[in-house]
Amino acid sequence: MELTVGAVQFFWKPEQWAEFHAELADVPVDRVVLGELVCSKRLPFYQDLIPDAVARLQAAGKEVVLTSLALITLKRERKLTAELAGMGCEVEINDLTALSYLPEGAAFSVGALVNVYNEGTLNWLADKGARRICLPPELPLASIEALAKAGAARGVAIEVWGHGRLPLAISGRCYHSRLYNRPKDNCQYACEEDPDGRPVETLEGQSFLAINGVQTLSDSHACAARQVEKLRAAGVSALRLSPQSKGFADLCRGYRAVLEGTMSAEALVADLIASDPDLRLSDGFIDGARGVDWSGLREPA
Amino acid sequence: MSETPDQIPIFPLWPGRALRLAPLRPLQLGLNRFVARLAREHPKMFRRLGEHGAKRFEIDPVDLPVVILLEPREGAPRVTLARATQPHDARIAGPLAALLGMVHGAYDGDALFFSRDLVIEGDTAAVLALRNAIDAAELDLAAEIEALAGPARGMVERIVALAEKRTGVALTRHEEAEAW
Amino acid sequence: MEIVCPAGTPAALRAAVKAGAHTVYCGFADETNARNFPGLNFERDEMRESIARAHEHGAKVLIAINTYPRAGAEALWHRAVADAAGCGADAIILADPGLLAFAAREFPDLRRHLSVQAAAANADIINFYAAEFGVKRVVLPRVLSVPEIAAINAETDVETEVFVFGGLCVMAEGRCSLSSYATGKSPNMNGVCSPASHVEYREEAGRLDARLGGYTIHRVGAGEPAPYPTLCKGCFTAGDKTGHLFEDPVSLNAEALMPALQKAGVTALKIEGRQRSVSYVSQVVRNFRAAVDALEAGLPMPEGMLARLSEGQAGTTGAYKKTWR
């Protein structure tokens with residue numbers, strides 16, 4: 001199995017963004033998705049850094065893909081998305097709108113925020129030129145198996161959400177702005193304060209979600225380490241690791257070691273928890289009753 | 001919503017007092033005859049309950065000194081009257097007027113819940129199934145009782161009309177259900 | 001403008017038609033539609049009979065088959081499309097591209113509407129759906145403002161339908177897994193959001209706690225209105241702020257915006273609430289039919305109607321006003 005690094009979901013300072021992608025060049029991953037997924041207002045702050053990052057990662061032998069926004073409504077966003085096709089990299093569509101701008105027959109990837117739930121949709125996308133699909137994180141193993149099989153028949157690689165806070169919802173409303181009682185148009189980039197999202201707890205203090213501008217994520221970090229064998233058997237060809245502000249290079253190396261069989265899943269999980277005692281893991285979407293469930297031992301809180 | 005009136009009528013005190021003293025058994029017998037008729041006349045209502053047809057519902061009219069344990073038993077319903085709570089899967093509590101008004105389409109169940117006139121406990125999905133099944137059946141409890149009353153039908157009709165007028169409780173269905 | 005009204009049961013469908021619905025939408029009693037609630041929806045014979053009756057009264061019936069078919073089990077959704085055609089539906093409301101492709105191929109004469117669950121939020125994607133699958137109408141997601149709706153209508157020939165009343169999704173529809181994260185059941189896969197089967201109410205000394213999948217979503221004091229524990233309308237804490245971080249427990253009421261929506265070129269106004277009672281359907285439909293009739297006749301909107309409909313329930317105009325964002 002391969003490793004894909006997903007687009008950064010959060011709003012990072014330009015220096016942090018550049019540093020993160022520079023470091024990735026030396027990390028054992030196969031593919032990197034670049035660009036803005038969540039909010040078009042963030043892009044101007046770092047878009048000039050993208051060409052350098054692309055060149056550097058390609059030079060390091062990585063495949064580089066550019067993502068579309070997850071929710072395209074404004075005229076400016078439509079224009080931005082239409083221009084993606086001409087940037088010289090493969091496009092990962094995360095809103096079907098992006099598909100409408102791609103030249104007929106162009107190869108493209110499909111990100112985790114496009115609803116690919118069944119063979120019919122997979123086949124339709126394959127007809128359009130899809131060659132790689134990262135499945136929606138909420139899909140259970142039975143669906144992953146069926147789709148990996150259908151993908152194999154069409155030459156479409158199937159990728160699964162491997163690690164990181166789960167993208168649970170996207171909205172027209174910005175929750176960071178709402179937190180500060182600011183209109184979205186004058187958000188003052190409040191989301192920049194939370195490089196891994198703003199934690200959301202219930203009234204009883206249970207950790208639950210994380211807010212990231214117009215996006216809502218899980219509190220728990222999805223972790224497919226303990227599911228690798230099942231996913232491999234299902235025919236999944238890559239795991240997607242979602243960028244986080246701390247310890248990401250080590251995390252990638254850990255997953256690589258698990259895939260290569262030089263490290264056990266339990267050892268990786270133990271390392272992850274040791275590096276952040278506050279970390280909560282989940283793999284329930286793949287193989288549990290609820291998304292938040294975790295198949296491993298829960299550390300005492 | 002306007003379905004929730006400012007004030008849901010509270011059942012007058014005297015029937016409650018009478019119930020406190022009266023033996024429940026004859027009433028329970030009558031109620032069982034009544035729900036047996038409902039099961040015959042409205043088989044679809046029980047089908048709508050699906051898996052929830054095997055659950056036990058406690059209906060608690062809070063202005064009466066009794067609770068009703070309703071077991072749909074997948075179309076062979078049974079009703080038990082009791083003075084105190086019985087083992088159940090789900091409980092629905094509210095003024096009798098709210099409960100009857102909901103059955104007769106006078107009130108919207110969600111609105112009664114939002115306004116806290118209705119209290120739901122236990123198996124929420126079962127309560128929802130029961131509410132939806134009853135709503136879909138468009139029951140008219142008074143009409144069903146009248147049908148059971150045989151020769152006494154006219155008298156029962158008059159009693160129902162009088163009771164409705166005196167209490168403000170929707171004992172019968174006022175929207176005409178048939179005209180399609 | 002056409003009003004498109006909800007029906008969770010044959011009784012509600014009849015009530016909607018009697019109350020003046022031009023069009024009613026409903027679904028089969030299974031996971032093929034996004035209101036797959038216990039005790040709700042239509043068996044095949046009920047659907048056939050209800051559609052025939054609605055047609056006699058000059059009303060149209062749309063069938064929502066708007067969940068995302070499960071991999072390995074698409075036949076269930078394909079059968080729903082075939083049965084919708086067989087029952088005489090005036091259109092089907094679909095969200096999944098694979099299912100749209102199937103319907104366009106196998107039942108080209110059955111009119112196709114794009115469900116709100118597809119969250120098609122701009123003219124380009126709407127025109128793309130029309131070109132790919134022959135979609136004739138799109139139900140717009142609840143993330144757009146009125147000027148944005150007008151702009152979309154200026155750029156497409158596809159009819160637009162917008163929600164004017166009822167429950168409000170805060171997230172882009174069909175793109176939210178909050179429910180399955182907490183309960184394992186999702187709108188996309190199971191046709192339920194924050195399902196009753198995972199709701200637990202606890203009332204103590206007048207204080208009502210509502211939990212969903214073990215998470216406390218609401219806590220209301222004695223006498224305060226009790227909202228349904230929908231995840232995105234829950235009360236949470238982020239840092240030092242506690243409140244309804246995503247959305248207040250309100251429901252949409254865009255009645256006052258009807259003239260603006262008409263000017264924006266909207267074809268149909270949709271009322272949410274297939275899970276609500278016959279009583280609710282009758283009242284809301286009657287009110288909206290009166291409003292739309294007044295609007296078409298150039299008369300002032302009926303007095304006091306807004307207040308009556310919103311009583312006891314907080315209303316919002318949602319994303320139709322840009323400040324909502």
For the protein assembly as shown, what is the convex hull (Cα atoms) projected area averaged across all directions, in square nanometres? 34.1 nm²
Per the 1/(1 + (r/R0)^6) rule, R0 = 41 Å and r from the Cβ atoms of C:ASP109 and C:LYS263, FRET efficiency to 0.05 is 0.80
Given N residues in chain C, what is Rg(Cα) / (2.2 N^0.38 Å)? 0.97
Just order A:258-269, A:194-205 by mean Cβ neighbour count inside 10 Å, highest at the front, would you? A:194-205, A:258-269
Links that overshoot a 24 Å alpha carbon limit, given the list C:LYS233/C:LYS321; A:LYS79/A:LYS149; A:LYS75/C:LYS263; A:LYS149/A:LYS230: A:LYS79/A:LYS149
Expected sort for A:44-50, A:94-100 on mean C-beta neighbours within 10 Å, highest first, is A:94-100, A:44-50
Out of all Cα-Cα pairs in segment B:55-180, roughly what percent, to the nearest whole number, are more than 24 Å apart? 30 percent
Is any residue of segment C:57-98 close enough, with backbone N under 11 Å, to a label point placed 7 angstrom from the Cα of A:ALA153 along the Cα-Cβ axis, and if so, which? C:72
For segment A:1-89, take N as its residue count and report Rg(C-alpha) divided by 2.2 N^0.38 Å. 1.06
With all distinct Cα pairs included, what does the Kirkwood hydrodynamic radius of segment C:178-243 come out to in Å, to one decimal, could you say? 12.5 Å
Cross-link partners of B:LYS44 among aspartates and glutamates (Cα-Cα below 18 Å; sequence separation of 8 or more within a chain): B:GLU71, B:GLU74, B:ASP135, B:GLU138, B:ASP140, B:GLU144, B:GLU178, C:ASP30, C:GLU43, C:ASP45, C:GLU46, C:GLU49
Computed about the Cα centre, the charge dipole of the protein assembly as shown from +1 Lys/Arg and -1 Asp/Glu charges at the Cβ has a magnitude in debye, to the nearest 20, of 1440 debye
What is the gain in length, in nm to one decimal, between A:SER275 and A:GLN47 on full extension, counting 0.36 nm per residue of separation less the C-alpha to C-alpha distance? 78.9 nm
Averaged over residues of B:122-133, the number of beta carbons from other chains lying within 10 Å of each residue's Cβ is 6
Return an integer: the convex hull volume of the alpha-carbon atoms of chain A, in Å³ per residue. 127 Å³
Rounded to two decimals, the Debye log10 I(q)/I(0) of segment C:54-154 (Cα scatterers, no solvent) at q = 0.10 Å⁻¹ is -0.29
At a threshold of 8 angstrom on Cα-Cα distance, excluding pairs fewer than six apart, so keeping six or more, what relative contact order does chain B reach in percent? 23 percent
Ordering of A:7-14, A:207-214 by packing [mean C-beta count within 10 Å, highest first]: A:207-214, A:7-14
Taking every residue in C:198-207, how many Cβ atoms of other protein chains lie within 10 Å of its Cβ, on average? 3
From the convex hull of the Cα coordinates of segment C:8-63, what is the mean projected area in square nanometres? 3.4 nm²
How large, in Å, is segment C:74-224 by the Kirkwood hydrodynamic radius built from its alpha-carbon pairs? 17.6 Å
Among C:GLY27, C:GLY221, C:GLY213, determine the one that fluctuates most according to a GNM of chain C built with springs between C-alpha atoms less than 10 Å apart. C:GLY221
With -39,500 (n - 2.57) per DSSP H segment of 4 or more residues and division by the full residue count of chain C, the 222 nm estimate, nearest 500 deg cm²/dmol, is -9500 deg cm²/dmol
Find the centroid of the Cα atoms in segment A:22-88 and in segment B:123-139, then give the distance between the two in whole Å. 51 Å
Connecting C-alpha atoms closer than 10 Å in a GNM of chain C, tell me which of C:GLY214, C:GLY239, C:GLY58 has the biggest fluctuation. C:GLY239
Which residue fluctuates most in the GNM of chain B (Cα springs below 10 Å): B:GLU74, B:GLU41, B:GLU58? B:GLU41
Determine the shielding of peptide C:316-323 by partner chains: average, over its residues, the number of Cβ atoms on other chains within 10 angstrom of each Cβ. 2
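Here, each number is a calculation from the coordinates, and none is a lab measurement. Worth saying up front: this structure is predicted, and the values here are computed from it rather than measured. Cβ atoms come from the backbone with ideal geometry, glycine included; neighbour counts cover every protein chain shown.
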